[in-house]
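The next block holds one structure in the form of C-alpha cells; read it before the comments.
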Ligand code: GLU
C-alpha cells in the first residue's frame with residue numbers, strides 16, 4: 001500500500017515523479033505529495049489523487065533535479081492535507097516519505113514530546129522523521145548514520161525515502177517489509193514501489209532487500225546493511241514493457257484486465273503445458289515434487305481474492321492428489337501459533353508477492369520446517385524471493401485494484417501443479433490427466449467466448465444496479481466463485497453482497513429472500529448441478545430474483561432464472577476460470593453505471609503491504 005517514487009539525476013525531477021505516482025496510484029490515493037530540491041526543500045501535498053495535487057501546483061516553480069513523491073493509503077491519521085506525505089522534520093531541513101507502519105511510534109513520540117518536539121500531523125511517519133533528526137543532531141552524525149541508528153529502534157514495516165536540504169543530490173532509502181526498486185540509469189537513479197515509474201528510462205533494476213539502506217546519487221548507488229557493511233547491488237534486467245501498464249484503449253484498467261484473460265492464461269500455460277505430449281514443465285515444482293507427493297498436508301495461505309483461489313485449489317488438490325488441504329487467511333494463520341510439521345507444504349498465493357500478512361505467515365512456517373511454494377504474479381517480489389520454489393502466474397501487471405486476471409492465472413497455475421503432482425503420485429489416471437490437459441489448453445479460447453457476452457451483462461447491470469443487497473450461491477468448485485463474485489461486487493459497486501455454499505442458504509440467508517433480492521447462482525453443469533437446480537427452485541418459490549451463470553444451452557436453469565449469463569462447457573475442475581468472468585463483468589458494469597471509480601474503489605488499495 002502507498003506508492004513511492006524518487007529521482008536524482010540531470011533531468012527535471014517533478015514530471016518523472018508525478019508520472020510515476022500516477023502509475024502507482026493503484027497502491028493508495030488518499031493524498032499525494034512531492035518534495036523537491038529547488039534551492040532549498042519545497043514540499044507540495046494535497047488530500048486526494050495525483051490530479052488534485054497537479055491542480056494545486058499550477059504556476060509554482062517546480063524546477064529540481066532531485067525529488068521524491070508519495071501517494072498515500074492512510075494508516076495513522078485521516079486522509080487530509082496535514083497528514084499527507086512528504087513530512088518535514090522540525091528543522092525543516094529533512095523531508096521524508098514512508099510506506100508502512102511504525103508500530104512503536106507512540107513510544108518514540110512520547111520520548112520526543114518530552115524533549116520538546118511538537119507534531120504537525122497525526123502520522124507515525126512524522127514521528128520517525130523527527131526521531132531520525134534528533135539522532136542526527138545529538139550524535140552530530142550524517143543523515144545516513146542517523147537513519148541506521150534510528151531503524152534499529154523501529155518496530156514495524158517501512159520503505160522510507162529522505163531528502164536533506166544540505167545534500168541536495170542525495171536520496172537516502174531503507175526498507176523492511178515494504179517493496180523498493182531502484183532503477184539504474186546513466187548518471188541518474190530512479191526509485192519506486194515497483195518498476196513502473198522507471199520503465200521508459202531504464203531496464204536495469206535493483207530490488208532492495210529487508211534491512212538494507214541505500215545512498216543514492218546521480219552517478220552512485222551505495223547499498224549497505226544496517227551494520228554499515230557495504231553490499232554489492234545485484235542489478236537485474238527488467239522484463240516489462242510500457243504498453244503492459246497502459247490502458248490500451250479501454251475505459252478502465254479493470255475492463256482491460258478482464259478482457260486480457262484469454263491472453264494471460266495463454267501466457268501462463270506457454271512453455272509449461274504440452275497437451276499433446278502430456279507434459280507439464282514447472283522447474284520449481286519439479287525440484288520439490290518428491291516432498292509434495294509425500295506431504296501429509298498442504299496449507300494454502302492467502303488473503304482476499306487469492307484466498308478464494310486457494311479454496312478452489314483445495315477442492316482440486318484433494319480430488320486429483322488425495323492430499324489433505326487446508327486454506328488459511330494469512331492474517332489469522334500468522335498469529336495463532338499454527339501446528340506445522342516438518343515436511344508440510346505451504347502454498348502462498350499473492351498477486352503482488354508483497355502481501356504483508358502472507359509474507360510473515362510463510363516466514364513463520366519456513367522457520368518451523370515447512371516447504372514454501374509461492375504462487376505470485378510480480379517477478380522478483382518478496383514472497384517469490386523467500387519461497388523455496390514456486391511458479392509465477394505471468395498475468396502481467398494488474399493495476400485495477402479489484403483483482404481479476406490475477407485470480408484466473410492463479411487458478412491455472414494451481415491447477416497445473418495439482419495435475420503434475422496427481423499424475424506423478426498415481427492418484428490421477430492417465431486418461432483423466434490427458435483429458436484435463438486438453439481442457440486446460442482450451443481455456444483461453446473459451447474465455448474469449450465467455451467475454452463475447454459482455455454487452456448482455458452490461459444490460460443486466462443496468463437492471464439490477466439499484467438492488468440493496470445481493471446473494472451469491474454456488475456448490476463445489478463454484479462455491480469459492482460465489483465468494484469471489486460477492487467480493488467483486490462489494491469492492492466495485494459498494495453494494496452489500498454475500499457468498500454462500502448454495503446448500504447453506506437454508507441455514508440462515510434464505511430469510512433475506514424476497515422479490516427485491518437478486519440471487520446469483522454460479523450454476524455451470526457439473527456433478528452438483530441437480531442439487532443447485534433444486535436450490536434455484538427454493539429461491540423461486542420465495543419470489544427471489546434468480547440470475548444464473550450457466551453452461552451454454554442449459555435450458556433447465558434458463559427456465560428457472562430471471563436472467564442468465566452463459567459460459568462454454570468445460571470440465572468442472574476448470575469451470576471456475578470461466579464462471580468467474582461474468583461475475584467480474586457484472587461487478588464492473590454496475591460500478592460504471594453507478595459512476596464509481598472502478599479502478600480505485602474507496603478505502604481500498606492494491607498490494608496490501610501493511611497488516
Ligand atoms: N503509516 C503512514 C501513514 O499513515 C504511511 C502509510 C502508507 O503506507 O501510505 O501516513
>> Can you tell me, using C-alpha contacts under 8 Å and at least 6 residues apart, the relative contact order of the chain as a whole percent?
In response: 12 percent
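Please report the relative contact order for the stretch 1-157, taking Cα pairs under 8 Å with a sequence separation of at least 6, and give it as a percent rounded to a whole number. Kindly include the intermediate steps, with their values, before the conclusion.
Working: 324 pairs, mean separation 35.0, N = 157.
Relative contact order comes out at 22 percent.
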> What angle, in degrees between 0 and 90 and rounded to the nearest 10, separates the Cα long axis of helix 575-593 from the longest principal axis of the Cα atoms of the chain?
Replying inline: 60 degrees
> Helix 454-464 versus the longest principal axis of the chain: what angle, 0 to 90°, nearest 10, using Cα atoms?
Replying inline: 90 degrees
>> I'd like the FRET efficiency for residue 296 and residue 571, computed as 1/(1 + (r/R0)^6) with the beta carbon distance as r and R0 of 30 Å, rounded to 0.05.
In response: 0.60
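Quick check on the chain: what are the equivalent-ellipsoid semi-axes from the Cα gyration tensor, as sqrt(5λ), descending, whole Å? Before the final figure, lay out each step's value.
Working: eigenvalues 397, 148, 95 Å².
The answer is 45, 27, 22 Å, longest axis first.
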> For residue 469 and residue 562, FRET efficiency with R0 = 25 Å and r from the beta-carbon atoms, rounded to 0.05?
Replying inline: 0.95
> If one takes the longest principal axis of the Cα atoms in the chain, at what angle in degrees, from 0 to 90 and to the nearest 10, does the Cα axis of helix 143-153 lie?
Replying inline: 50 degrees
>> With an 8 Å Cα cut-off and a minimum separation of 6 or more residues, compute the relative contact order for the stretch 101-194 in percent.
In response: 22 percent
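Over 17 Å, how big is the tail of the calculated P(r) for the stretch 127-179, in percent of all Cα pairs? Kindly include the intermediate steps, with their values, before the conclusion.
On the way: 428 of 1378 pairs.
Tail fraction, whole percent: 31.
Using DSSP, restrict attention to beta bridges with both residues in the stretch 156-230 and report what percent are antiparallel, rounded to the nearest 5. Mind dumping the intermediate values first?
Values: 24 of 25 bridges.
Of all bridge pairs located within the stretch 156-230, approximately 95 percent are antiparallel.
Counting DSSP beta bridges in the stretch 242-344, what percent are antiparallel, to the nearest 5?
Numbers: 2 of 8 bridges.
Around 25 percent of the beta bridges assigned by DSSP in the stretch 242-344 are antiparallel ones.
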> How big is the antiparallel share of DSSP beta bridges in the chain, given as a percent to the nearest 5?
Replying inline: 60 percent
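Read the figures in this text as sums done on the coordinates, not as results from a lab. All values reported here derive from a predicted model rather than from experimental measurement. Counting neighbours? That spans all protein chains shown, and the Cβs are built from the backbone with ideal geometry, glycine included.
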